[in-house]
Amino acid sequence: MIGMAGQIWVSLISLGGVVLGGVLSFLVQHRTQLSAERAEQQRQRIALSETRRAERLALLERFIEVSAEAERCAYTRPSEWDDTDDWYLTTRDVMARLWVADRLLRVQFAQPVPDAAHAHFLDLNRTVWHGLPDDESVRDYLEGNRSRFLDAARDALG
(Lines give C-alpha, C1' and ligand atoms only; values in the text may rest on other atoms or scores of the structure.)
Protein backbone atom coordinates (compact mmCIF):
# COMPACT_ATOMS: atom_id res chain seq x y z
CA MET A 1 0.00 0.00 0.00
CA ILE A 2 2.76 2.42 0.76
CA GLY A 3 4.32 1.54 -2.58
CA MET A 4 1.07 2.26 -4.33
CA ALA A 5 0.69 5.64 -2.56
CA GLY A 6 4.22 6.55 -3.69
CA GLN A 7 3.39 5.64 -7.28
CA ILE A 8 0.24 7.80 -7.13
CA TRP A 9 2.30 10.73 -5.84
CA VAL A 10 4.89 10.26 -8.56
CA SER A 11 2.14 10.08 -11.16
CA LEU A 12 0.42 13.18 -9.77
CA ILE A 13 3.69 15.11 -9.65
CA SER A 14 4.47 13.99 -13.19
CA LEU A 15 0.98 14.98 -14.34
CA GLY A 16 1.37 18.34 -12.56
CA GLY A 17 4.67 18.88 -14.39
CA VAL A 18 3.02 18.12 -17.73
CA VAL A 19 0.12 20.49 -16.95
CA LEU A 20 2.51 23.21 -15.76
CA GLY A 21 4.69 22.76 -18.86
CA GLY A 22 1.62 22.92 -21.09
CA VAL A 23 0.35 26.08 -19.40
CA LEU A 24 3.76 27.73 -19.63
CA SER A 25 4.09 26.68 -23.27
CA PHE A 26 0.63 28.11 -24.02
CA LEU A 27 1.48 31.40 -22.29
CA VAL A 28 4.78 31.74 -24.17
CA GLN A 29 3.11 30.97 -27.50
CA HIS A 30 0.29 33.41 -26.75
CA ARG A 31 2.74 36.20 -25.85
CA THR A 32 4.81 35.46 -28.95
CA GLN A 33 1.70 35.59 -31.14
CA LEU A 34 0.60 38.91 -29.60
CA SER A 35 4.07 40.32 -30.11
CA ALA A 36 4.12 39.17 -33.74
CA GLU A 37 0.67 40.69 -34.32
CA ARG A 38 1.78 44.02 -32.83
CA ALA A 39 4.92 43.97 -34.98
CA GLU A 40 2.82 43.25 -38.09
CA GLN A 41 0.41 46.06 -37.24
CA GLN A 42 3.36 48.41 -36.81
CA ARG A 43 4.78 47.33 -40.18
CA GLN A 44 1.38 47.94 -41.79
CA ARG A 45 1.11 51.40 -40.19
CA ILE A 46 4.59 52.29 -41.44
CA ALA A 47 3.81 50.99 -44.94
CA LEU A 48 0.54 52.94 -45.03
CA SER A 49 2.30 56.05 -43.79
CA GLU A 50 4.99 55.71 -46.47
CA THR A 51 2.34 55.16 -49.15
CA ARG A 52 0.39 58.23 -48.04
CA ARG A 53 3.57 60.31 -47.95
CA ALA A 54 4.42 59.20 -51.49
CA GLU A 55 0.90 60.08 -52.65
CA ARG A 56 1.10 63.48 -51.01
CA LEU A 57 4.52 64.11 -52.50
CA ALA A 58 3.19 63.19 -55.95
CA LEU A 59 0.29 65.62 -55.51
CA LEU A 60 2.66 68.39 -54.47
CA GLU A 61 4.87 67.65 -57.45
CA ARG A 62 1.84 67.76 -59.75
CA PHE A 63 0.67 71.09 -58.35
CA ILE A 64 4.13 72.61 -58.60
CA GLU A 65 4.58 71.35 -62.15
CA VAL A 66 1.21 72.66 -63.35
CA SER A 67 1.63 75.96 -61.51
CA ALA A 68 4.97 76.41 -63.30
CA GLU A 69 3.14 75.87 -66.60
CA ALA A 70 0.56 78.45 -65.54
CA GLU A 71 3.36 80.90 -64.73
CA ARG A 72 4.75 80.40 -68.22
CA CYS A 73 1.28 81.17 -69.57
CA ALA A 74 1.21 84.35 -67.48
CA TYR A 75 4.61 85.41 -68.82
CA THR A 76 3.56 84.82 -72.42
CA ARG A 77 0.09 86.36 -72.05
CA PRO A 78 -0.65 88.43 -75.15
CA SER A 79 -2.19 91.85 -74.67
CA GLU A 80 -5.19 90.72 -76.70
CA TRP A 81 -6.48 87.22 -77.37
CA ASP A 82 -9.67 85.41 -78.28
CA ASP A 83 -11.19 81.94 -77.85
CA THR A 84 -9.43 80.56 -80.92
CA ASP A 85 -5.95 81.81 -80.05
CA ASP A 86 -3.34 79.08 -79.40
CA TRP A 87 -2.32 80.81 -76.17
CA TYR A 88 -5.90 80.66 -74.90
CA LEU A 89 -6.39 77.00 -75.83
CA THR A 90 -3.15 75.97 -74.11
CA THR A 91 -3.79 78.16 -71.10
CA ARG A 92 -7.35 76.93 -70.66
CA ASP A 93 -6.05 73.34 -70.41
CA VAL A 94 -3.26 74.30 -68.01
CA MET A 95 -5.59 76.25 -65.74
CA ALA A 96 -8.11 73.39 -65.68
CA ARG A 97 -5.33 70.99 -64.59
CA LEU A 98 -4.17 73.50 -61.98
CA TRP A 99 -7.73 73.77 -60.62
CA VAL A 100 -7.87 69.97 -60.22
CA ALA A 101 -4.41 69.84 -58.61
CA ASP A 102 -5.47 72.57 -56.18
CA ARG A 103 -8.56 70.62 -55.14
CA LEU A 104 -6.63 67.38 -54.71
CA LEU A 105 -4.32 69.10 -52.23
CA ARG A 106 -7.38 70.06 -50.19
CA VAL A 107 -8.37 66.40 -50.03
CA GLN A 108 -4.96 65.06 -48.97
CA PHE A 109 -3.53 67.80 -46.75
CA ALA A 110 -4.54 69.55 -43.56
CA GLN A 111 -4.37 73.30 -43.27
CA PRO A 112 -2.31 75.42 -44.08
CA VAL A 113 -1.13 73.64 -47.26
CA PRO A 114 -4.47 73.81 -49.14
CA ASP A 115 -4.98 77.45 -48.14
CA ALA A 116 -1.52 78.45 -49.33
CA ALA A 117 -1.93 76.46 -52.55
CA HIS A 118 -5.31 78.05 -53.22
CA ALA A 119 -3.93 81.55 -52.63
CA HIS A 120 -1.18 80.79 -55.16
CA PHE A 121 -3.79 79.40 -57.55
CA LEU A 122 -5.86 82.59 -57.24
CA ASP A 123 -2.78 84.71 -57.92
CA LEU A 124 -2.01 82.67 -61.01
CA ASN A 125 -5.63 82.75 -62.17
CA ARG A 126 -5.74 86.54 -61.86
CA THR A 127 -2.40 86.99 -63.57
CA VAL A 128 -3.20 84.62 -66.43
CA TRP A 129 -6.71 85.79 -67.26
CA HIS A 130 -6.67 89.45 -66.22
CA GLY A 131 -3.00 90.40 -66.38
CA LEU A 132 -1.24 92.84 -64.08
CA PRO A 133 -0.80 96.59 -64.17
CA ASP A 134 2.10 97.64 -66.40
CA ASP A 135 4.35 98.56 -63.49
CA GLU A 136 3.96 95.20 -61.70
CA SER A 137 6.06 92.14 -62.55
CA VAL A 138 4.58 88.65 -62.75
CA ARG A 139 7.48 87.21 -60.78
CA ASP A 140 7.13 89.70 -57.93
CA TYR A 141 3.36 89.36 -57.80
CA LEU A 142 3.48 85.54 -57.59
CA GLU A 143 6.46 85.21 -55.25
CA GLY A 144 4.70 85.79 -51.91
CA ASN A 145 2.00 83.13 -52.06
CA ARG A 146 4.25 80.73 -53.98
CA SER A 147 6.82 80.91 -51.17
CA ARG A 148 4.12 80.49 -48.51
CA PHE A 149 2.83 77.41 -50.33
CA LEU A 150 6.29 75.86 -50.64
CA ASP A 151 7.04 76.54 -46.96
CA ALA A 152 3.72 75.00 -45.88
CA ALA A 153 4.33 71.96 -48.08
CA ARG A 154 7.82 71.47 -46.63
CA ASP A 155 6.47 71.72 -43.09
CA ALA A 156 3.66 69.26 -43.85
CA LEU A 157 6.11 66.67 -45.17
CA GLY A 158 8.28 67.03 -42.11
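Against the conditions (1) open to solvent by 90 Å² or more (accessible area, probe 1.4 Å); (2) in a helix (DSSP H, G or I), A101 satisfies every one except (1). Counting residues in segment 84-98 that are assigned to a helix (DSSP H, G or I), within 17 Å of L150 (Cβ to Cβ), without any contact (Cβ under 8 Å) to a residue 60 or more places away in the chain and open to solvent by less than 50 Å² (accessible area, probe 1.4 Å) gives one or more.
Of these, R56, R72, which one is open to solvent by 80 Å² or more (accessible area, probe 1.4 Å) and either of a type in the set (A, V, I, L, M) or assigned to a helix (DSSP H, G or I) (or both)? Checking each option against the conditions leaves just R72. Is it true that S25 is of a type in the set (G, A, S), in contact (Cβ under 8 Å) with a residue 12 or more places away in the chain and either open to solvent by less than 70 Å² (accessible area, probe 1.4 Å) or more than 30 Å from A152 (Cβ to Cβ) (or both)? Considered against the rule, which asks whether it is of a type in the set (G, A, S), in contact (Cβ under 8 Å) with a residue 12 or more places away in the chain and either open to solvent by less than 70 Å² (accessible area, probe 1.4 Å) or more than 30 Å from A152 (Cβ to Cβ) (or both), S25 comes out as no. Taking into account only those residues within segment 105-134 that are assigned to a helix (DSSP H, G or I) and of a type in the set (G, A, S), which is surrounded by the most Cβ atoms within 10 Å (Cβ to Cβ)? Across segment 105-134, the extreme among qualifying residues is A117.
If I ask for residues that are among the charged types (D, E, K, R), open to solvent by less than 80 Å² (accessible area, probe 1.4 Å) and assigned to a helix (DSSP H, G or I), which ones from segment 135-158 would you list? Within segment 135-158, E143, R146, D151 meet the criteria. The set of residues from segment 60-69 being open to solvent by 30 Å² or more (accessible area, probe 1.4 Å) and either of a type outside the set (D, E, K, R) or on the phi > 0 side of the Ramachandran plot (or both) comprises I64, A68.
The values are calculated or read from the model by the stated rules, or taken from the named source; none is laboratory data. Everything quoted here is computed from the prediction, not taken from an experiment. Methodologically, a virtual Cβ is constructed for each residue, glycine included, from the backbone with ideal geometry; neighbour enumeration extends over all protein chains shown. Surface accessibility is based on the protein's heavy atoms, side chains included, excluding ligands, DNA and RNA. Shrake-Rupley method; radii C 1.70, N 1.55, O 1.52, S 1.80 Å.
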